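Note sheet for the following structure.
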Amino acid sequence: MSLEESEPDTVESARTTAEEIEDLLGDYVLDRDDHLNAPGFVVRPDEVQDVLFRLRDEAGYDHLSCVTAQEYEDRYESIYHLKKYDDPTDEVSVVVPTPVDDPVSQSAEPVYRTADWHEREAYDLVGIEYDDHPDMRRILLPETWQGHPLGQDYDQDRPQIVPLREHANPLEEDHESDSGDTMFLNIGPHHPATHGVLHLKTVLDGEQVVDVESDIGYLHRCEEQICQQSTYRYQIMPYPDRWDYISAGLLNEWAYARVAEDLADIEVPEYAQVIRTMGAELCRIAAHMLAVGTFALDVYGDFTAIFMYAVRDREKTQSILEELTGQRLMFNYFRLGGVVWDLPEPREDFFEMIRDFLDDLPEALEEYHDLISANEILQARTIDTGVLPPEVAKSYGATGPVARGSGIDYDLRRDDPYGYYDELDWDVPVEDGCDNYSRLLVRLREVEESAKIIEQCVDLLEDWPEDERTIQSNVPRTIRPDDDTEVYRAVEGAKGELGIYVRADGTEKPARFKIRSPCFSNLQTLPEMSNGEYIPDLVAALGSLDIVLGEVDR
């Protein structure tokens, strides 16, 4: 049975109260474990699928946003963060404790396909095993790795033995099958079209892709562990810039700022919210310019015109951001409660710099449409290739332009408002072609909408009274949220929903810091888009996802 056939009918969105959820789940509920953003329900590890099927099919929670695994002194715990695509503010957490001596829980993969990778990561880093999982093995570390790095008893000094079989043929069983023309092809991990150190294990039948597996983990940088060893107030904020290190710095910083400000009940001044919104949309334009340029480079190899045109316009946004933040890539501009400093002086010159960029942008976008979206070669390569139906995209937890290119009208800036977005006039671009071409069009249209937002922010900032330009609220020197306070918050990054779960333990450092990367979930959709297609279509589909491996591996 195909996924489309097995998915439930769309459930009309309606706010669901904690009492209604408890009534729906009935005897499945062992206990309540309220988080700051959502009611939490503790269930047995052998009843996970029954609970999730009921929440998905009867309550409409069709978006498994994140899976967080953690270890306590007396138990392991898996937390399934559920939302609705129609209303992401309607959230619920399903908490699954397992004993320390037998950390085994039922897999959520039959309910939500995105749980496949999320649970593998939980097993790899924390050590929880999931029954009925289709592929229960490590995902970031080698299969021979000893121990689980986020486990409390992990010995980081333990020597790791990775066997080096110098004379073995790694493709011995995959060269060609006896029954046909099936062969194995490695793409990456050091190929420019893989957008970083990504290894695609591809099986071909003739010239068609019959299976592709994304081999990640080459770039794992322990960002969650680093944040768990850093203080809320000062030490964590420099790190988000490095997750998506290409161009989403302020968007990443906002993800951490939002979760920490909720955790510590910090209000952000309205003036600082406008500055944040303007800076975030400049980062979004920079990210999309690079995505469009590299996509064209992947599809028909145009480096001189399209790629360099895109880099040219991206550099303009980088120059504006450099004026604002003092840095060109790793900004470290946000602070809890606001931003680190006000707009550069003279303000008139800074505003003129932005307006000159915005005035030139419509003509630049026309060039992109002439060179890219109207190009016959690109159309032939992208229309009706890399097809991702909306229900499949939802089951994999796809967000951002990948989801909106499949007709899913989901954008956290509008649907779960933060910053100054709900005070401004702009639209969410959605395309229903579900193919590589639609994802390209969404990004080009989003650049136009970001420009609208930036222009309105500039208008507001120009007229803002000088004595009301408060860039940061009063924030305690040391932040110590109450023990066992838990929260999951997300923002609309350039590539989709960027979320962070934090559990406090009463100290000035988080006990658990989990990053929900949009690239991680979006990359899971690659086999759905590529199986049955040709190798060039696989490369185009991968490019249309706009992944950055620093964010995938974190």
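Determine, for each peptide in 296-308, 105-117, the mean count of other beta carbons within 10 angstrom over its residues, then list the peptides with the highest first.
Descending packing order for the listed peptides: 105-117, 296-308.
Among A287, L263, V340, whose Cα projects farthest towards the positive end of the dipole of the chain, with charges put on the beta-carbon of Lys, Arg (+1) and Asp, Glu (-1)?
V340
State the extension gain, in nm to one decimal, for the chain segment bounded by R75 and T89, taking 0.36 nm per residue of separation less the distance between their alpha-carbons.
Net length gain for the segment: 2.1 nm.
What is the percent carbon and sulfur in the accessible area of segment 88-154, measuring with a 1.4 Å probe over the protein chains and ignoring ligands?
41
What is the list of residues in segment 222-263 whose amide nitrogen lies under 13 Å from a point 7 angstrom out from the Cα of Q156, following Cα to Cβ?
Residues 222-230 qualify, since their backbone N sits under 13 Å from the label point.
How high is the relative contact order of the chain, in percent, with contacts defined as C-alpha pairs under 8 Å that are six or more residues apart?
17
Can you give me the % of accessible surface on segment 243-393 that is carbon or sulfur? Probe 1.4 Å, all protein chains present, nothing else counted.
51
In square angstrom, what is the accessible area per residue of segment 243-296 with a 1.4 angstrom probe?
Ligands and nucleic acids excluded, the figure is 16 Å² per residue.
Rounded to the nearest whole Å², what accessible area per residue is found for segment 450-554 with the 1.4 Å probe?
Averaged over the residues of segment 450-554, the accessible area is 32 Å².
Provide the per-residue ³J(HN,Hα) series for segment 332-337, in order, calculated from phi with Karplus coefficients 6.51, -1.76, 1.60 and θ = phi - 60°, each as a whole number of Hz, with x at glycine and proline positions.
For segment 332-337, the Karplus curve yields 6, 9, 6, 10, 4, x Hz.
Taking 24 Å as the cut-off for C-alpha to C-alpha distance, list the pairs among K316/K495; K83/K495; K452/K514; K84/K201; K84/K514; K394/K495 that go past it.
The pairs that break the limit, which is 24 Å between Cα atoms, are K452/K514; K84/K201.
Between the alpha-carbon centers of segment 501-554 and segment 72-146, tell me the distance in whole angstrom.
16
Ordered by residue, what ³J(HN,Hα) values in Hz, to whole numbers, does segment 472-483 give under the Karplus form 6.51 cos²θ - 1.76 cosθ + 1.60, where θ = phi - 60° and Gly and Pro are x?
7, 7, 6, 10, x, 4, 10, 9, 10, x, 4, 4
When only C-alpha pairs under 8 Å and at least 6 residues apart count, what is the relative contact order of segment 313-372, in percent?
26
Out of (1) 90, 58, 48; (2) 67, 57, 51; (3) 74, 67, 64, which label holds the value of Cα extents along the principal axes in Å that was computed here?
(2)
How high is the relative contact order of segment 462-522, in percent, with contacts defined as C-alpha pairs under 8 Å that are six or more residues apart?
Rounded, it is 27 percent for segment 462-522.
Residue-wise, which Karplus ³J(HN,Hα) couplings in Hz belong to segment 88-104, taking 6.51 cos²θ - 1.76 cosθ + 1.60, θ = phi - 60°, and x for glycine or proline?
My calculation for segment 88-104 gives x, 7, 8, 10, 8, 10, 9, 9, 10, x, 9, x, 4, 7, 8, x, 10 Hz in order.
Could you check how much of the accessible area of segment 513-554 is carbon and sulfur, as a whole percent, using a 1.4 Å probe?
54
The values are calculated or read from the model by the stated rules, or taken from the named source; none is laboratory data. Worth saying up front: this structure is predicted, and the values here are computed from it rather than measured. Reconstructed Cβ throughout: ideal geometry from the backbone, glycine too, with neighbour counts over all protein chains shown. The protein model used for the area step is the full one, side chains on, heavy atoms only, and it has no ligands, DNA or RNA in it. Shrake-Rupley method; radii C 1.70, N 1.55, O 1.52, S 1.80 Å.
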